[in-house]
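The values are calculated or read from the model by the stated rules, or taken from the named source; none is laboratory data. Fair warning: this is a prediction, and the values are worked out from it, not measured in the lab. Glycine also receives a Cβ, built like all others from the backbone with ideal geometry; neighbour counts cover every protein chain displayed.
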Amino acid sequence: GVAGRWLFGSGGGSGGADNTLADNPPGGFGGAGGGIAVLIGDVSGAGAVLAEGASGEGDPMGVSCTGASTTSCWDYSGPGGGGAGGTVATSGAFGATVSVAGGPGGFGYDPATDDGGAGSVGVVNP
């Protein structure tokens, strides 16, 4: 397991390219991984501490591309995967919201491509 360890989230994988780049972009980039937040002492309040992974590159959700573009439209090139969540480590009482969620994969929309994979959840170490 990873209990007691501080780990950066890994970046998401990039998407694959279509068979021609003349009318399609290269594969979408993968989302950045989450960082590490270390909180020493008691923390209270209504704020949030986030070490989340970023989204992979892709189309807007629910949008199918109709034109040829070499800079956007991942209906034929693969969208990128989401980054993994990082670590939040605390040593005292903690009252704020914590999130180490993985980023969502980029959207491909077209059934020929599908979507990029989501990043894994990170770790909260007490």
*Output the residues belonging to the stretch 72-99 that are crowded, with 21+ Cβ neighbours inside 10 Å and farther than 12 Å from residue 10 by Cα.*
73, 74, 75, 77, 78, 79, 80, 88
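Where residues in the stretch 78-99 are small (Gly, Ala, Ser) and under 11 Å from residue 126 (Cα atoms), which of them is modelled with the highest pLDDT?
The initial filter retains those residues of the stretch 78-99 that are small (Gly, Ala, Ser), namely 78, 80-86, 89, 91-93, 95-96, 99.
Then keep just the ones that are under 11 Å from residue 126 (Cα atoms); that gives 89, 91-93.
On the way: 89: 89, 91: 79, 92: 75, 93: 77.
The residue in question is 89.
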*Can you name the condition, by its number, that residue 15 falls short on among (1) farther than 30 Å from residue 93 by Cα; (2) surrounded by fewer than 21 Cβ atoms within 10 Å (Cβ to Cβ)?*
(2)
*Going by the structure shown, is residue 102 modelled with pLDDT of 90 or more, touching a Phe, Trp or Tyr at 6+ places or on another chain (Cβ under 7 Å) and surrounded by 22 or more Cβ atoms within 10 Å (Cβ to Cβ)?*
no
_Can you tell me which condition residue 17 does not meet? The list is (1) within 24 Å of residue 5 (Cα to Cα); (2) in a loop (DSSP other than H, G, I, E, B); (3) among the aliphatic types (A, V, I, L, M), and all the others hold._
(1)
